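Data first, discussion second: the structure below is written as structure tokens.
The values are calculated or read from the model by the stated rules, or taken from the named source; none is laboratory data. Quick caveat, the model's predicted, so the values are computed rather than measured. FYI the Cβ positions are ideal-geometry reconstructions off the backbone, even for glycines, and counts take in every protein chain you see. Note: areas computed on protein heavy atoms with side chains; ligands, DNA, RNA excluded. Shrake-Rupley method; radii C 1.70, N 1.55, O 1.52, S 1.80 Å.
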Amino acid sequence: MVYKLLTLSEENGAALLTLNRPEVYNALNDEITFELQDALKQIAANNSVRVVVLTGSGKAFCSGQDLKSVSGKPDFSYKDSVERRYNPIVMAMRNMPKPIICKLNGIAAGAGCSLALACDMIVASEDAYLVQAFINIGLVPDSGSTYFLPRLVSSAKAFELCTMGSKISAAEALQLGMINKVVPQDQLDIATKAYVDYFASAPTKTVGLIKQMLQKSGSSTIGEMLALEAETQEIAGHTDDHREGVRAFLEKRKPGFKGS
């Protein structure tokens, strides 16, 4: 598929996925959301990709729903839009068997904030910020924000962010545990690359298993997680990377993981 509103490139085991509507701060219309769904499917099926970077072109990461594209449509269904456009994107991101790093280069608002939170890690520039902007137009958060926020911050803080539409600076988001690292804008590429380089040479299948386990922990009992750990450890224990890791340990060298 040829993408018109996003770009997808691959280099050294990393896929770079860029929302490319800078003139509207990468706002999400029908076309870009369906392109994003397709791109995520392609990345998930590409065994040569071991880590994904999601970012935006221009000054913004993503300003959320393109309101101009739905304004004036009396028969517009919000439920249908969320179910067909946004939910498949978030599920594809969370089911992705490899890590997704958000390079937060600017504002992440509304569904754009949800997309950032759906990533596994967020590296942000100092001038980036996040805002649950839904309340400002009389809507509730969607695209997973009501799932991610209470797990990242307290229930009280999640309520405040969702009901007041407060802008959260990158520095405050770091303190709250919403993001992983904050750097000056001119160091964003370097800081992101450090994570990319790590995951591009990590045991990818094991990272994917850990991602799945951590997602289940929030709705599981300790007994269920102990059982899941045992089952998943059996899977990890039969990977080529595990065998390479043991050999490297015994030979006192750095392992050369292949992601298999």
> Once you put a point 7 Å from the Cα of VAL246 and another 7 Å from the Cα of ASP75, both along the Cβ direction, what distance in nm separates them?
Replying inline: 6.3 nm
> Please state the Cα pair-distance histogram of the range 62-151 with 10 angstrom bins from zero: what percent is in each bin?
Replying inline: 16, 49, 29, 6, 0
>> Considering only protein heavy atoms and a probe of 1.4 Å, how much of the accessible area of the range 1-107 is carbon and sulfur, as a whole percent?
In response: 53 percent
>> Looking only at the chain, where both bridge partners belong to it, what percent of the DSSP beta bridges are antiparallel (to the nearest 5)?
In response: 30 percent
>> Over the range 108-260, what is the relative contact order in percent, taking alpha-carbon pairs closer than 8 angstrom and at least six residues apart?
In response: 22 percent
> Which aspartates and glutamates does LYS205 reach when only Cα atoms under 14 Å apart count, and residues fewer than 8 places away in its own chain are ignored?
Replying inline: GLU234, ASP240, ASP241, GLU244
>> Given R₀ = 51 Å, what would the calculated FRET efficiency be for SER169 paired with MET225, taking r from the Cβ atoms and rounding to 0.05?
In response: 0.90
> Can you pull the three principal axis extents for the Cα set of the range 1-75, in Å, largest first?
Replying inline: 45, 27, 17
> For the range 105-260, what is the percent of antiparallel DSSP beta bridges, rounded to the nearest 5?
Replying inline: 40 percent
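Please give the charge dipole size of the chain, origin at the Cα centre, charges +1 on K and R Cβ atoms and -1 on D and E Cβ atoms. Round to the nearest 20 debye.
Around 300 debye, computed over the chain.
Work the Kirkwood hydrodynamic radius out for the range 36-91: mean of 1/r over every pair of different alpha-carbon atoms, inverted, in Å.
Mean inverse Cα-Cα distance, inverted, gives 13.8 Å.
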>> Suppose the chain between SER217 and MET1 were pulled fully straight at 0.36 nm per residue; how much longer would it get relative to their current alpha carbon spacing?
In response: 74.1 nm
> Could you give the Stokes-Einstein D for the range 11-165 in µm² per second, using the C-alpha Kirkwood radius, 25 °C, 0.890 mPa s?
Replying inline: 156 µm²/s
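Quick one: compute a quarter of the convex hull surface over the Cα atoms of the range 177-241 and quote it in nm².
5.7 nm²
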>> If I compute Cα extents along the principal axes in Å from the structure I just sent, which labelled value in (1) 59, 35, 34; (2) 65, 42, 36; (3) 76, 56, 32 lines up?
In response: (2)
> Averaged per residue, what accessible area in Å² does the chain show with a 1.4 Å probe, protein chains only?
Replying inline: 52 Å²
> Are there cysteines in the chain with no second cysteine's Cβ under 4.7 Å away, and if so, which?
Replying inline: CYS62, CYS113, CYS162
>> With n ≥ 4 as the cut-off for DSSP H runs, can you work out [θ] at 222 nm for the chain, using -39500 (n - 2.57) per run divided by the number of residues, rounded to the nearest 500?
In response: -13000 deg cm²/dmol
